[in-house]
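> Structure below; questions to follow.
The values are calculated or read from the model by the stated rules, or taken from the named source; none is laboratory data. As the structure is a computational prediction, the values presented were derived from the model and not from experiment. Here the Cβ is made from the backbone with ideal geometry for all residues, glycine too, and neighbour counts use every protein chain on show. The accessibility values were calculated without ligands, DNA or RNA, using every heavy atom of the protein model including side chains. Shrake-Rupley method; radii C 1.70, N 1.55, O 1.52, S 1.80 Å.
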Amino acid sequence: KVLYGGKVNIVCFPGISQGKFYRQIKDLKKEIRECVPYPNGTAFMTNIKLLMSKIALLDWTSTSEAKIAQRVSAVQALLAVAWRCGGSGPVQDLRELVDVHSNAAVIAAETGDAVVDGISDLGLVMAEDRDGFPDVPPRTIEQLVVKIQASLPESTCKSALDQDRAKVVSVLDALVQRRCDKVLRWFDACMSGLERNQQISTLRREVEGTLTMLRDRCKLCVAQCANCGLPCALPIQHSGLDGDLHDCGTDHKCDSQCQFCDKACSSYACHTGKHSCGDSTHVCGELCMHHGSRNCRSFCTREPGHSDAEPHHCGTEVHYCPKACSLKGCKQPCNELAGNDHSRCGCKENHCTLKCSFKNCTHPCANDDHFHSMNSDDEGCL
(Lines give C-alpha, C1' and ligand atoms only; values in the text may rest on other atoms or scores of the structure.)
Protein backbone atom coordinates (compact mmCIF):
# COMPACT_ATOMS: atom_id res chain seq x y z
CA LYS A 1 0.00 0.00 0.00
CA VAL A 2 2.99 2.33 0.63
CA LEU A 3 4.13 1.91 -2.98
CA TYR A 4 0.78 3.21 -4.26
CA GLY A 5 0.39 5.90 -1.61
CA GLY A 6 -2.44 4.01 0.14
CA LYS A 7 -4.61 4.11 -2.99
CA VAL A 8 -4.93 0.36 -3.47
CA ASN A 9 -7.60 -2.24 -2.77
CA ILE A 10 -6.67 -5.85 -2.13
CA VAL A 11 -9.32 -8.27 -3.41
CA CYS A 12 -9.29 -11.92 -2.33
CA PHE A 13 -10.40 -14.39 -5.00
CA PRO A 14 -11.68 -17.92 -4.39
CA GLY A 15 -10.09 -20.86 -6.15
CA ILE A 16 -10.13 -20.88 -9.96
CA SER A 17 -12.28 -24.03 -9.98
CA GLN A 18 -15.12 -22.29 -8.13
CA GLY A 19 -17.94 -20.37 -9.82
CA LYS A 20 -17.42 -17.40 -7.48
CA PHE A 21 -14.05 -16.78 -9.09
CA TYR A 22 -15.58 -16.05 -12.49
CA ARG A 23 -18.37 -13.89 -11.03
CA GLN A 24 -15.76 -11.75 -9.26
CA ILE A 25 -13.77 -11.50 -12.48
CA LYS A 26 -16.88 -10.04 -14.20
CA ASP A 27 -17.38 -7.54 -11.36
CA LEU A 28 -13.72 -6.53 -11.51
CA LYS A 29 -13.98 -6.09 -15.26
CA LYS A 30 -16.86 -3.62 -14.77
CA GLU A 31 -14.84 -1.57 -12.27
CA ILE A 32 -11.79 -1.47 -14.57
CA ARG A 33 -13.95 -0.23 -17.48
CA GLU A 34 -15.29 2.61 -15.35
CA CYS A 35 -11.78 3.55 -14.20
CA VAL A 36 -9.58 5.42 -16.73
CA PRO A 37 -6.32 6.17 -14.89
CA TYR A 38 -4.22 6.93 -17.98
CA PRO A 39 -4.99 9.39 -20.79
CA ASN A 40 -3.09 7.30 -23.34
CA GLY A 41 -0.74 4.38 -23.88
CA THR A 42 2.38 6.51 -23.44
CA ALA A 43 1.37 7.52 -19.93
CA PHE A 44 0.56 3.89 -19.10
CA MET A 45 3.92 2.63 -20.37
CA THR A 46 5.79 5.37 -18.50
CA ASN A 47 4.09 4.37 -15.24
CA ILE A 48 4.64 0.64 -15.82
CA LYS A 49 8.36 1.23 -16.43
CA LEU A 50 8.54 3.23 -13.22
CA LEU A 51 6.82 0.46 -11.24
CA MET A 52 9.01 -2.24 -12.77
CA SER A 53 12.20 -0.35 -11.94
CA LYS A 54 11.07 0.23 -8.33
CA ILE A 55 10.18 -3.44 -7.91
CA ALA A 56 13.55 -4.48 -9.37
CA LEU A 57 15.29 -2.24 -6.81
CA LEU A 58 13.02 -3.51 -4.00
CA ASP A 59 11.97 0.10 -3.49
CA TRP A 60 8.57 0.02 -1.82
CA THR A 61 8.28 3.77 -1.17
CA SER A 62 5.46 5.83 -2.72
CA THR A 63 5.62 6.46 -6.46
CA SER A 64 4.45 10.10 -6.13
CA GLU A 65 7.91 11.67 -5.77
CA ALA A 66 9.36 9.37 -8.41
CA LYS A 67 6.62 10.42 -10.87
CA ILE A 68 7.33 14.09 -10.23
CA ALA A 69 11.06 13.58 -10.69
CA GLN A 70 10.36 11.62 -13.89
CA ARG A 71 8.21 14.40 -15.32
CA VAL A 72 10.67 17.13 -14.29
CA SER A 73 13.52 15.23 -15.92
CA ALA A 74 11.56 14.82 -19.17
CA VAL A 75 10.73 18.55 -19.32
CA GLN A 76 14.25 19.71 -18.44
CA ALA A 77 15.70 17.54 -21.21
CA LEU A 78 13.53 19.34 -23.79
CA LEU A 79 13.52 22.85 -22.34
CA ALA A 80 16.57 24.32 -24.12
CA VAL A 81 15.40 23.14 -27.56
CA ALA A 82 11.90 24.42 -26.75
CA TRP A 83 12.88 28.06 -26.15
CA ARG A 84 15.64 27.95 -28.76
CA CYS A 85 13.75 26.37 -31.71
CA GLY A 86 10.12 26.08 -30.57
CA GLY A 87 10.03 22.29 -30.77
CA SER A 88 11.55 19.06 -29.48
CA GLY A 89 14.03 16.52 -30.78
CA PRO A 90 17.12 17.06 -32.96
CA VAL A 91 17.17 20.20 -35.12
CA GLN A 92 17.24 18.06 -38.29
CA ASP A 93 14.00 16.30 -37.25
CA LEU A 94 12.25 18.92 -35.13
CA ARG A 95 8.75 18.11 -33.91
CA GLU A 96 6.08 20.17 -32.19
CA LEU A 97 6.18 20.30 -28.41
CA VAL A 98 3.93 17.72 -26.79
CA ASP A 99 2.56 17.39 -23.30
CA VAL A 100 4.69 14.63 -21.74
CA HIS A 101 1.67 13.50 -19.73
CA SER A 102 -1.10 13.39 -22.36
CA ASN A 103 1.01 13.44 -25.55
CA ALA A 104 -1.12 16.32 -26.92
CA ALA A 105 0.68 18.80 -29.20
CA VAL A 106 1.22 22.38 -27.98
CA ILE A 107 1.39 24.77 -30.94
CA ALA A 108 1.94 28.51 -31.15
CA ALA A 109 -1.23 30.58 -30.81
CA GLU A 110 -2.24 33.00 -33.56
CA THR A 111 -1.54 36.66 -32.84
CA GLY A 112 -3.84 38.31 -35.39
CA ASP A 113 -0.87 39.88 -37.20
CA ALA A 114 -0.61 38.50 -40.75
CA VAL A 115 3.18 38.90 -40.86
CA VAL A 116 3.77 37.25 -37.48
CA ASP A 117 1.30 34.40 -38.14
CA GLY A 118 2.88 33.86 -41.57
CA ILE A 119 6.22 32.95 -39.94
CA SER A 120 6.21 29.45 -38.49
CA ASP A 121 7.35 29.21 -34.89
CA LEU A 122 8.57 25.63 -35.24
CA GLY A 123 12.23 25.68 -36.26
CA LEU A 124 12.63 29.46 -35.90
CA VAL A 125 15.98 29.74 -34.08
CA MET A 126 15.91 32.67 -31.65
CA ALA A 127 19.01 32.02 -29.57
CA GLU A 128 21.87 29.67 -28.88
CA ASP A 129 22.14 27.63 -25.71
CA ARG A 130 25.04 28.79 -23.56
CA ASP A 131 25.21 26.79 -20.33
CA GLY A 132 21.43 26.60 -20.17
CA PHE A 133 20.84 30.29 -20.85
CA PRO A 134 19.86 32.02 -24.11
CA ASP A 135 22.63 33.78 -26.01
CA VAL A 136 21.80 35.79 -29.15
CA PRO A 137 24.84 36.15 -31.44
CA PRO A 138 24.81 38.60 -34.39
CA ARG A 139 24.31 35.78 -36.90
CA THR A 140 21.08 34.66 -35.20
CA ILE A 141 19.55 38.15 -35.08
CA GLU A 142 20.59 38.69 -38.72
CA GLN A 143 18.75 35.53 -39.83
CA LEU A 144 15.65 36.58 -37.90
CA VAL A 145 15.68 40.04 -39.50
CA VAL A 146 16.15 38.55 -43.00
CA LYS A 147 13.15 36.26 -42.43
CA ILE A 148 11.03 39.18 -41.20
CA GLN A 149 12.10 41.36 -44.13
CA ALA A 150 11.12 38.61 -46.55
CA SER A 151 7.63 38.61 -45.02
CA LEU A 152 7.18 42.40 -45.26
CA PRO A 153 6.01 44.24 -48.40
CA GLU A 154 8.85 44.93 -50.82
CA SER A 155 10.92 48.00 -50.04
CA THR A 156 12.92 50.11 -52.48
CA CYS A 157 15.15 51.43 -49.71
CA LYS A 158 18.78 50.33 -49.39
CA SER A 159 18.00 48.65 -46.09
CA ALA A 160 14.57 47.58 -44.89
CA LEU A 161 15.90 48.31 -41.43
CA ASP A 162 15.78 52.00 -42.35
CA GLN A 163 12.31 52.29 -43.87
CA ASP A 164 10.58 49.48 -41.99
CA ARG A 165 12.60 49.55 -38.78
CA ALA A 166 9.57 50.02 -36.53
CA LYS A 167 7.71 47.13 -38.20
CA VAL A 168 10.76 44.85 -38.04
CA VAL A 169 11.18 45.58 -34.33
CA SER A 170 7.44 45.08 -33.72
CA VAL A 171 7.36 41.72 -35.54
CA LEU A 172 10.52 40.52 -33.81
CA ASP A 173 9.08 41.35 -30.38
CA ALA A 174 5.82 39.58 -31.27
CA LEU A 175 7.66 36.46 -32.47
CA VAL A 176 9.69 36.28 -29.25
CA GLN A 177 6.59 36.82 -27.10
CA ARG A 178 4.73 34.11 -29.03
CA ARG A 179 7.61 31.70 -28.37
CA CYS A 180 7.69 32.53 -24.66
CA ASP A 181 3.91 32.06 -24.36
CA LYS A 182 4.11 28.73 -26.18
CA VAL A 183 6.93 27.37 -24.00
CA LEU A 184 5.14 28.43 -20.82
CA ARG A 185 1.85 26.83 -21.96
CA TRP A 186 3.75 23.64 -22.76
CA PHE A 187 5.42 23.65 -19.35
CA ASP A 188 2.10 24.18 -17.56
CA ALA A 189 0.48 21.37 -19.57
CA CYS A 190 3.31 19.00 -18.71
CA MET A 191 3.06 19.86 -15.01
CA SER A 192 -0.73 19.82 -14.83
CA GLY A 193 -1.91 18.65 -11.42
CA LEU A 194 1.47 19.35 -9.79
CA GLU A 195 1.22 23.14 -9.52
CA ARG A 196 1.32 23.16 -5.72
CA ASN A 197 4.48 21.08 -5.53
CA GLN A 198 7.43 23.18 -4.31
CA GLN A 199 9.88 21.66 -6.80
CA ILE A 200 7.54 22.43 -9.70
CA SER A 201 6.95 26.00 -8.49
CA THR A 202 10.71 26.58 -8.28
CA LEU A 203 11.28 25.12 -11.74
CA ARG A 204 8.52 27.31 -13.21
CA ARG A 205 10.18 30.43 -11.80
CA GLU A 206 13.44 29.32 -13.40
CA VAL A 207 11.69 28.83 -16.74
CA GLU A 208 10.09 32.29 -16.47
CA GLY A 209 13.53 33.76 -15.74
CA THR A 210 15.04 32.08 -18.79
CA LEU A 211 12.20 33.32 -21.02
CA THR A 212 12.60 36.85 -19.63
CA MET A 213 16.27 36.64 -20.55
CA LEU A 214 15.29 35.55 -24.07
CA ARG A 215 12.92 38.53 -24.40
CA ASP A 216 15.60 40.93 -23.16
CA ARG A 217 18.34 39.60 -25.42
CA CYS A 218 16.48 38.87 -28.66
CA LYS A 219 16.13 42.53 -29.62
CA LEU A 220 17.77 44.82 -32.13
CA CYS A 221 20.26 47.45 -30.98
CA VAL A 222 18.69 50.92 -30.89
CA ALA A 223 21.86 52.85 -31.81
CA GLN A 224 23.00 54.26 -35.14
CA CYS A 225 25.66 52.50 -37.24
CA ALA A 226 29.16 53.79 -36.48
CA ASN A 227 29.89 54.23 -40.22
CA CYS A 228 26.66 55.62 -41.67
CA GLY A 229 23.18 56.86 -40.79
CA LEU A 230 21.43 53.47 -40.85
CA PRO A 231 20.36 51.81 -37.59
CA CYS A 232 22.55 49.12 -36.05
CA ALA A 233 21.52 45.59 -37.03
CA LEU A 234 23.28 43.77 -34.18
CA PRO A 235 21.71 42.33 -31.00
CA ILE A 236 20.90 44.84 -28.28
CA GLN A 237 23.59 43.59 -25.89
CA HIS A 238 26.47 43.54 -28.37
CA SER A 239 27.82 46.91 -27.25
CA GLY A 240 29.13 46.01 -23.82
CA LEU A 241 32.79 46.24 -22.93
CA ASP A 242 34.90 44.67 -25.69
CA GLY A 243 31.72 44.45 -27.78
CA ASP A 244 31.39 45.10 -31.50
CA LEU A 245 30.94 48.60 -32.85
CA HIS A 246 27.43 49.46 -34.04
CA ASP A 247 27.08 48.09 -37.56
CA CYS A 248 24.15 48.14 -40.00
CA GLY A 249 25.51 45.19 -41.99
CA THR A 250 25.61 47.07 -45.32
CA ASP A 251 28.44 48.69 -47.32
CA HIS A 252 27.47 52.05 -45.68
CA LYS A 253 27.29 53.82 -49.05
CA CYS A 254 24.44 56.05 -50.18
CA ASP A 255 22.61 54.46 -53.13
CA SER A 256 21.03 57.71 -54.35
CA GLN A 257 22.03 59.61 -57.47
CA CYS A 258 23.86 62.95 -57.42
CA GLN A 259 21.41 65.86 -57.69
CA PHE A 260 23.61 67.55 -60.29
CA CYS A 261 24.61 64.70 -62.61
CA ASP A 262 24.12 60.98 -63.30
CA LYS A 263 26.89 59.81 -60.97
CA ALA A 264 26.28 58.13 -57.63
CA CYS A 265 26.26 60.09 -54.40
CA SER A 266 29.65 59.82 -52.69
CA SER A 267 28.36 60.12 -49.13
CA TYR A 268 27.34 57.53 -46.56
CA ALA A 269 23.93 55.85 -46.38
CA CYS A 270 21.01 57.83 -44.92
CA HIS A 271 22.94 61.09 -44.68
CA THR A 272 21.15 64.43 -44.44
CA GLY A 273 21.56 67.27 -46.91
CA LYS A 274 22.18 67.18 -50.65
CA HIS A 275 23.14 64.12 -52.66
CA SER A 276 26.41 64.97 -54.41
CA CYS A 277 29.14 63.07 -56.20
CA GLY A 278 31.68 65.53 -54.74
CA ASP A 279 32.54 67.29 -58.04
CA SER A 280 33.83 70.82 -57.33
CA THR A 281 31.56 72.27 -60.02
CA HIS A 282 28.50 71.04 -58.15
CA VAL A 283 29.35 72.03 -54.61
CA CYS A 284 31.99 74.03 -52.77
CA GLY A 285 34.11 70.97 -51.97
CA GLU A 286 36.21 72.61 -49.24
CA LEU A 287 36.63 70.81 -45.93
CA CYS A 288 33.64 71.07 -43.61
CA MET A 289 34.12 73.18 -40.47
CA HIS A 290 33.45 69.97 -38.47
CA HIS A 291 35.83 67.85 -40.55
CA GLY A 292 37.05 64.88 -38.52
CA SER A 293 33.95 64.65 -36.35
CA ARG A 294 31.67 61.65 -36.49
CA ASN A 295 28.76 61.89 -38.95
CA CYS A 296 30.60 64.49 -41.03
CA ARG A 297 30.60 64.16 -44.84
CA SER A 298 34.01 65.92 -44.87
CA PHE A 299 33.41 68.34 -47.77
CA CYS A 300 31.24 71.46 -47.94
CA THR A 301 28.04 71.04 -49.94
CA ARG A 302 27.18 74.72 -50.21
CA GLU A 303 27.15 76.44 -53.59
CA PRO A 304 30.59 76.87 -55.21
CA GLY A 305 32.04 80.28 -54.27
CA HIS A 306 29.57 80.85 -51.43
CA SER A 307 30.01 83.88 -49.16
CA ASP A 308 32.76 83.80 -46.55
CA ALA A 309 30.11 84.74 -44.01
CA GLU A 310 28.76 81.22 -44.45
CA PRO A 311 31.14 78.65 -42.90
CA HIS A 312 31.95 75.53 -44.87
CA HIS A 313 29.35 72.95 -43.96
CA CYS A 314 28.75 69.43 -45.27
CA GLY A 315 24.98 69.60 -44.82
CA THR A 316 24.84 67.04 -42.03
CA GLU A 317 22.52 68.35 -39.37
CA VAL A 318 24.25 66.74 -36.39
CA HIS A 319 27.99 66.23 -35.86
CA TYR A 320 29.32 64.14 -32.99
CA CYS A 321 32.56 64.12 -31.05
CA PRO A 322 35.05 61.82 -32.85
CA LYS A 323 36.51 60.36 -29.65
CA ALA A 324 35.64 57.05 -28.01
CA CYS A 325 33.68 56.66 -24.77
CA SER A 326 35.75 57.48 -21.66
CA LEU A 327 34.76 54.24 -19.89
CA LYS A 328 37.80 51.97 -19.88
CA GLY A 329 37.32 49.13 -22.34
CA CYS A 330 34.20 50.60 -24.01
CA LYS A 331 34.69 50.78 -27.78
CA GLN A 332 31.60 52.82 -28.55
CA PRO A 333 31.95 56.38 -29.93
CA CYS A 334 31.16 59.48 -27.92
CA ASN A 335 27.61 60.74 -28.31
CA GLU A 336 28.33 64.36 -27.37
CA LEU A 337 27.83 66.99 -30.07
CA ALA A 338 30.95 68.21 -31.84
CA GLY A 339 32.00 71.65 -30.64
CA ASN A 340 30.31 71.24 -27.24
CA ASP A 341 32.76 71.36 -24.34
CA HIS A 342 32.60 68.17 -22.29
CA SER A 343 35.01 66.80 -19.70
CA ARG A 344 34.04 63.19 -20.27
CA CYS A 345 33.08 61.39 -23.47
CA GLY A 346 29.97 59.29 -23.07
CA CYS A 347 28.50 56.86 -25.61
CA LYS A 348 24.81 56.36 -26.30
CA GLU A 349 24.49 53.66 -23.64
CA ASN A 350 22.73 55.18 -20.62
CA HIS A 351 23.13 52.12 -18.43
CA CYS A 352 25.93 49.85 -17.25
CA THR A 353 26.87 47.31 -19.94
CA LEU A 354 28.64 44.90 -17.57
CA LYS A 355 27.18 41.68 -16.18
CA CYS A 356 26.08 41.23 -12.58
CA SER A 357 28.97 40.62 -10.16
CA PHE A 358 27.21 37.74 -8.39
CA LYS A 359 28.59 34.28 -9.14
CA ASN A 360 26.65 32.32 -11.80
CA CYS A 361 24.33 35.29 -12.49
CA THR A 362 24.09 36.00 -16.22
CA HIS A 363 21.80 39.04 -16.06
CA PRO A 364 23.14 42.47 -17.03
CA CYS A 365 23.81 45.09 -14.37
CA ALA A 366 20.68 47.10 -13.53
CA ASN A 367 22.57 50.32 -12.73
CA ASP A 368 21.49 53.24 -14.95
CA ASP A 369 24.92 54.91 -14.62
CA HIS A 370 27.17 53.82 -17.50
CA PHE A 371 30.23 55.04 -15.57
CA HIS A 372 29.39 53.76 -12.07
CA SER A 373 32.25 51.21 -12.18
CA MET A 374 34.72 54.14 -12.37
CA ASN A 375 33.56 55.58 -9.05
CA SER A 376 35.88 54.94 -6.11
CA ASP A 377 32.98 53.99 -3.83
CA ASP A 378 31.31 51.66 -6.33
CA GLU A 379 29.95 48.41 -4.84
CA GLY A 380 30.05 46.43 -8.07
CA CYS A 381 27.50 45.46 -10.69
CA LEU A 382 24.17 44.19 -9.37
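> Mind listing whichever residues of the range 252-274 are more than 27 Å from residue 323 (Cβ to Cβ), open to solvent by 50 Å² or more (accessible area, probe 1.4 Å) and not acidic (Asp, Glu)?
Answer for the range 252-274, where residues must be more than 27 Å from residue 323 (Cβ to Cβ), open to solvent by 50 Å² or more (accessible area, probe 1.4 Å) and not acidic (Asp, Glu): 257, 259, 260, 263, 264, 274.
> Any residue in the range 352-361 that is open to solvent by 70 Å² or more (accessible area, probe 1.4 Å), under 36 Å from the mean Cα position of the chain (by Cα) and on the phi > 0 side of the Ramachandran plot?
Checked the range 352-361: at least one residue is open to solvent by 70 Å² or more (accessible area, probe 1.4 Å), under 36 Å from the mean Cα position of the chain (by Cα) and on the phi > 0 side of the Ramachandran plot.
> Give me the residue from the range 153-176 that is modelled with pLDDT under 85 and assigned to a helix (DSSP H, G or I) and, out of that set, surrounded by the fewest Cβ atoms within 10 Å (Cβ to Cβ). Can you show your working first?
Kept after step one, since they are modelled with pLDDT under 85, are these residues of the range 153-176: 153-166.
Still in the running and assigned to a helix (DSSP H, G or I): 160-163, 165-166.
Details: 160: 20, 161: 23, 162: 17, 163: 14, 165: 16, 166: 8.
Residue satisfying both the conditions and the ranking: 166.
> Name the single residue that is surrounded by the most Cβ atoms within 10 Å (Cβ to Cβ) among those in the range 362-382 being within 22 Å of residue 217 (Cβ to Cβ) and of a type in the set (A, V, I, L, M, F, W, C).
365
> Considering 179, 196, 185, 139, which residue is closer than 19 Å to residue 109 by Cβ and open to solvent by 60 Å² or more (accessible area, probe 1.4 Å)?
185
> Is it the case that residue 293 is in contact (Cβ under 8 Å) with a residue 40 or more places away in the chain, buried (at least 17 other Cβ atoms within 10 Å of the Cβ) and hydroxyl-bearing (Ser, Thr, Tyr)?
yes
> Could you check the range 330-382 and list, in sequence order, the residues that are of a type in the set (Phe, Trp, Tyr) and more than 21 Å from residue 238 (Cβ to Cβ)?
358
> Report, ordered by the first and then the second residue, all pairs with beta carbons closer than 9 Å, sequence separation of six or more or different chains, a first member in the range 341-352 that is touching a residue at least 12 places away in the same chain (Cβ under 8 Å), and a second member that is open to solvent by 20 Å² or more (accessible area, probe 1.4 Å) and among the basic types (Lys, Arg).
Pairs found: 345/323; 347/331.
> On the given criteria, is residue 53 of a type in the set (Gly, Ala, Ser) and either more than 20 Å from residue 130 (Cα to Cα) or not in a helix (DSSP H, G or I) (or both)? Working first, answer last.
Values: of a type in the set (Gly, Ala, Ser): yes; either more than 20 Å from residue 130 (Cα to Cα) or not in a helix (DSSP H, G or I) (or both): yes.
Judged against the criteria, residue 53 is a match.
> Also, I was wondering about something else. Filter the range 342-351 down to residues that are open to solvent by 70 Å² or more (accessible area, probe 1.4 Å) and among the charged types (D, E, K, R) and give me whichever is modelled with the highest pLDDT.
344
> What number of residues in the range 330-341 are at pLDDT 85 or above, open to solvent by 60 Å² or more (accessible area, probe 1.4 Å) and more than 31 Å from the chain's Cα centre (by Cα)?
Residues meeting the conditions: 3.
> Of all residues in the range 103-136 being assigned to a loop (DSSP other than H, G, I, E, B) and touching a Cys at 6+ places or on another chain (Cβ under 8 Å), which is modelled with the lowest pLDDT?
136
> Also, quick follow-up: Output the number of the condition that residue 45 fails; it satisfies all remaining conditions of (1) open to solvent by 60 Å² or more (accessible area, probe 1.4 Å); (2) touching a residue at least 24 places away in the same chain (Cβ under 8 Å); (3) not small (Gly, Ala, Ser).
So residue 45 meets the others, but not (2).
> Kindly provide the set of residues from the range 337-361 that are outside any strand (DSSP E or B) and in contact with a Pro (Cβ under 9 Å, 6 or more places away or on another chain), ordered by number.
The answer is 338, 345, 347, 348, 351, 352, 353, 354, 356.
> Within the range 296-329, can you find the residues that are within 33 Å of the chain's Cα centre (by Cα) and not in a loop (DSSP other than H, G, I, E, B)?
320, 324
Yes/no matrix, rows are residues, columns are (1) assigned to a loop (DSSP other than H, G, I, E, B); (2) on the phi < 0 side of the Ramachandran plot:
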residue	(1), (2)
273	yes, no
276	yes, yes
281	yes, yes
373	no, yes
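Okay, residues lined up against (1) β-branched (Val, Ile, Thr); (2) more than 21 Å from the chain's Cα centre (by Cα):
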| position | (1), (2) |
| --- | --- |
| 183 | yes, no |
| 198 | no, yes |
| 201 | no, yes |
| 206 | no, no |
| 210 | yes, no |
| 215 | no, no |
| 222 | yes, no |
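> Further question on the same structure: Mind checking which residues of the range 56-73 are exposed (fewer than 14 other Cβ atoms within 10 Å of the Cβ) and either in a helix (DSSP H, G or I) or hydrophobic (A, V, I, L, M, F, W, C) (or both)? Reasoning before the result, please.
So the first thing to find is which residues in the range 56-73 are exposed (fewer than 14 other Cβ atoms within 10 Å of the Cβ), and the list is 56-61, 64-65, 69, 73.
Once the filter is applied, which keeps residues that are exposed (fewer than 14 other Cβ atoms within 10 Å of the Cβ) and either in a helix (DSSP H, G or I) or hydrophobic (A, V, I, L, M, F, W, C) (or both), the range 56-73 yields 56, 57, 58, 60, 64, 65, 69, 73.
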